[in-house]
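Heads up, the thing below is written out as C-alpha cells.
Only the coordinates and a few stated rules stand behind these numbers; no lab work does. Treat the numbers as computed from the prediction; the structure is a model and nothing was measured. Because the Cβ atoms are built from the backbone with ideal geometry, glycine has one as well, and the counts that use them run over all protein chains shown.
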Amino acid sequence: MLDLTPETPADWWEVEALFDLCFAPGREALSSYRLRDDATPVAALCFLIRDETGALGGAIRYWPVNIAQQPALLLGPVAVHPTRQGEGLGGFLIRESLKIAQDMGHQRVMLIGDAPYYERFGFSKLQNVHMPPPTNPNRILGVSLSKNAWNTISGPVEKPGFTR
C-alpha cells in the first residue's frame, strides 16, 4: 500500500539529501533552480513516500511560477531512492499529486524533463513557453489540468510577482 505523506519542514534536509543522491552534482545550477531561489514551494503539493520502517522512498515538490502573468505550477524535483526504483513510486507520486493539484483548482503544470518518460502522465512539449538558458527547449513540457489551459499561454517562465 502506497500513501502520500505531506512533506513537513522537518523533512526538508532528508528530502534534499535524496535529491542530491538521485541527481547529478551541480543540479542547483540548472535554470529551473533560479525559479526556486528564495521561493516557497507549494506545501500542499509536496509529498513523500516512506516505507514501513520510515525510510524515505521518494519525494516530489511543486513551485509557483508565472508565464505572461498567468499562474502555473513547476513540478520538480521528483526523485525515488535508488533502492526503490522500478517499483512505480515516481509514477505514483506524479499521478497522485497531479490529481490533487487539479482538485485544488490549478490549471496547468510544467516541468523540465524527458518527454518519453513524462508523456504517460499527459505532458507534451510547450511550444511557446521559454526558460532561461541553458534549458533545452525540447525538454520544456506541460500538462493541462483544465481544458485548453496552455492554449493561450506564451512567454518566459518567471517567479510570481516578477515585473518587467
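Miscellaneous remarks
- Taking chymotrypsin sites (Phe, Trp or Tyr not before Pro) across the stretch 79-128, none is in a DSSP loop with at most 14 further Cβ atoms lying within 10 angstrom of its Cβ.
- The packing ranking of peptides 49-55, 76-82, highest mean first, is 76-82, 49-55, where packing means the average number of other beta carbon atoms within 10 angstrom of each residue.
- Quotient of Cα Rg and 2.2 N^0.38 Å for the stretch 116-164, N being how many residues it contains: 1.23
- Relative contact order (%) - criterion: Cα under 8 Å, at least six apart; region: the stretch 57-164: 30
- Over every Cα atom in the stretch 5-158, the radius of gyration and the widest Cα-Cα span, Dmax, amount to 14.9, 47 Å.
- Between helix 12-22 and the chain: long-axis angle, C-alpha atoms, 0 to 90°, nearest 10: 80
- Only helices enter this figure: runs of n ≥ 4 DSSP H residues, each worth -39500 (n - 2.57), summed and divided by the residues of the chain, yield -5500 deg cm²/dmol at 222 nm to the nearest 500.
- Protection-proxy order for peptides 146-153, 105-112, each taking the mean of Cβ atoms within 10 Å per residue, highest first: 105-112, 146-153
- Neighbour-count order for Leu45, Leu56, fewest beta carbons within 10 angstrom listed first: Leu56, Leu45
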